[in-house]
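First comes the structure, then the notes that go with it.
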Amino acid sequence: MSYIQFENIKKSFGETMVLQGITLAVARGNMVTLLGPSGCGKSTLLRCLAGLEGVSGGRILLDGEDITQKSPKNRKIGMVFQQYSLFPNLNVFDNIAFGLSLQKRPAAEIRTLVEDAVDMVELNGKENSYPRHLSGGQQQRVALARSLVLRPKVLLLDEPLSAIDAKLRKSLQLRIKEIQKALNITCIFVTHDQDEALIMSDVIHLFNAGRVEQSGSPIELYTGPQTRFAAEFIGSYNLVEKERFAQMIQSPILDTAVAIRPETIDIVLEPPAEQEDRYVLPATVKYYIPHGNVLRYTVMVNGVELEADVLFRSFKVFEPEQNVYIVVEKRNCLPIAQ
Ligand code: ADP
Ligand code: MG
C-alpha cells in the first residue's frame, strides 16, 4: 500500500476549479515531483496535503490514516518554500531549534539534533550567524534543516531552489537528493523546471490545468510523452503534424502527429544503406546554434523543418545550405495523441 494517497482531490476557489480530481499515490521513501507550468495547481495540492487548505472533495491518506480533516499541526508534515521565511532575529542555531523548543524537548537533546541537522546541510561554523548575513543558498539550507530536524513523515518542497542562481542550484539539488536518500524520507518536490524534475525525482507527475497529464519515471516521461502537452513540456521534441510528417517521409498519411527528439536524429553526408527500421531522408542545413556541448541544427527535410542535435566533438560542422541526409529510427518517431 502507498504511503500517501490522494483520492479524487478537488479544490475550488469560488467558481474556479483549480484541482479537477487528482488521484495519485506516493511510495514511502520516494522523491516524487509535481511538474507543470505556473498556475496548474501544484502548490494547491501540497497545501491540501499539509492542511493549509481544505479540500472541496476527495480524501487524503497518509500512512493508512485518513488525514483529510486533521489539523495541520497534527499531520507531521514539513514544508520548505521558495521564500526562505526564517526568523530574522534568531541565529541559525535558534532558527533550526525553533520547532524543537516549541515541543519543549530537553536542551541537550535539542543541541544534538540541531548539530546533526547543521552537519547534514553543511552549515558548520554558521550556527551563530543571522539570516541577513547568509546567502540565499545558505538561508534555504537553514530552512531545510529546520524542517528535517523535526523528522516529519513527509517533507514538502515547493520550488525551494527557484530563487537561487543556476550553479549553486545544481549543487543544492544533489545535496537535497543525498539527504533525502540518506534519511529515507518521503518527499514531494514541486518545480516548473523540467531539468530539475529529471534530476531530482524517482517519479514525476506532470500536471496540466489541475489534472495529472502523465506519470512515470524521469526516463519514461522523457522518452515516452503520450500527449502533445507532455511532448511540448519535456525534452525539446520536434512536433510534426500528421500531414507534414507524410510530406516529410513521402508516404501516405498516419493517424496522429509525431514527436521526434532532436538527439535521435543523425546528420550524415552520405546516405547509409536503406533499412526497414529507419528513415533516411535528404535534407538541407539551414543554420545551427551551439548549446554548450551540443550543436542544434535546423534542417529542412522535404519542406519540413526539424531540429537535430549533434554532439560537438570535432571542429568540423555542417554549414548552412549544405546538402546532407538525416537518419532517424522509426521507433523514435512517437505517435502523439491530441
Ligand atoms: P502552481 O503552484 O502550480 O503555480 P497554484 O496551486 O499556486 O499553482 O495555483 C493554481 C490556481 O489556483 C491559480 O490559478 C491560482 O491563481 C489559484 N489560486 C491559488 N490559491 C488561491 C486562493 N487562495 N484564492 C483564489 N485562487 C487561488
Ligand atoms: Mg506554486
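Scanning the stretch 64-83 for residues that are of a type in the set (D, E, K, R) and either in a helix (DSSP H, G or I) or surrounded by 18 or more Cβ atoms within 10 Å (Cβ to Cβ) (or both) gives 73, 75. Applying the criterion of being in a strand (DSSP E or B) and within 13 Å of ligand 1 (Cβ to nearest atom) to the residues of the stretch 21-37, the residue that is farthest from residue 184 (Cα to Cα) is 22.
One residue alone among 155, 172, 168, 134 is assigned by TED's automatic domain parsing to the domain that holds residue 75, closer than 30 Å to residue 64 by Cα and surrounded by 13 or more Cβ atoms within 10 Å (Cβ to Cβ), and that residue is 155. Here's a check for you: in the stretch 1-55, which residue that is in contact (Cβ under 8 Å) with a residue 40 or more places away in the chain and among the aromatic types (Phe, Trp, Tyr) is nearest to residue 192 (Cα to Cα)? Looking at the filtered set, the residue picked out is 6.
For residues that are surrounded by fewer than 15 Cβ atoms within 10 Å (Cβ to Cβ) and either in a strand (DSSP E or B) or in contact with a Pro (Cβ under 7 Å, 6 or more places away or on another chain) (or both), tally how many sit in the stretch 313-338. Number satisfying all stated conditions: 4.
Restricted to the stretch 226-246, and to residues that are at pLDDT below 95 and of a type in the set (S, T, N, Q), which residue is nearest to the chain's Cα centre (by Cα)? Top of the filtered list is 236. Here the condition is being more than 15 Å from ligand 1 (Cβ to nearest atom), over 23 Å from residue 201 (Cβ atoms) and modelled with pLDDT under 95; of 74, 89, it holds for 74 alone. In the stretch 38-58, which residue that is more than 7 Å from ligand 1 (Cβ to nearest atom) and part of a loop (DSSP other than H, G, I, E, B) is surrounded by the most Cβ atoms within 10 Å (Cβ to Cβ)? Ranking the qualifying residues of the stretch 38-58, first place goes to 55. The residues of the stretch 1-15 that are part of a strand (DSSP E or B), farther than 15 Å from residue 209 by Cβ and not charged (D, E, K, R), listed by number, are 4, 5, 6, 8.
Reported count of residues in the stretch 27-56, each being near ligand 2 (Cβ under 9 Å from one of its atoms) and hydroxyl-bearing (Ser, Thr, Tyr), is 3. For the stretch 1-52, the set of residues classified as among the acidic types (Asp, Glu) and in contact with a strand residue (DSSP E or B) (Cβ under 7 Å, 6 or more places away or on another chain) consists of 7 only.
Can you name the residue in the stretch 57-80 that is over 21 Å from residue 208 (Cα atoms) and among the hydrophobic types (A, V, I, L, M, F, W, C) and, of all such residues, is farthest from ligand 2 (Cβ to nearest atom)? My answer is 61. Would you mention how many residues in the stretch 151-186 are within 16 Å of ligand 2 (Cβ to nearest atom) and either of a type in the set (Asp, Glu) or more than 14 Å from residue 136 (Cα to Cα) (or both)? Residues flagged as within 16 Å of ligand 2 (Cβ to nearest atom) and either of a type in the set (Asp, Glu) or more than 14 Å from residue 136 (Cα to Cα) (or both) within the stretch 151-186 amount to 4.
The condition (being surrounded by 15 or more Cβ atoms within 10 Å (Cβ to Cβ), of a type in the set (A, V, I, L, M), assigned by TED's automatic domain parsing to the domain that holds residue 128 and within 15 Å of residue 6 (Cα to Cα)) is satisfied by just one residue among 86, 61, 113, 100: 61.
Just one of (1) among the hydrophobic types (A, V, I, L, M, F, W, C); (2) part of a loop (DSSP other than H, G, I, E, B); (3) within 11 Å of ligand 1 (Cβ to nearest atom); (4) buried (at least 18 other Cβ atoms within 10 Å of the Cβ) fails for residue 18. It is (2).
The values are calculated or read from the model by the stated rules, or taken from the named source; none is laboratory data. Since the structure is predicted, the reported quantities are computational estimates derived from the model, not experimental observations. Quick reminder, even Gly has a Cβ in these numbers, built from the backbone with ideal geometry, and neighbours come from all protein chains shown.
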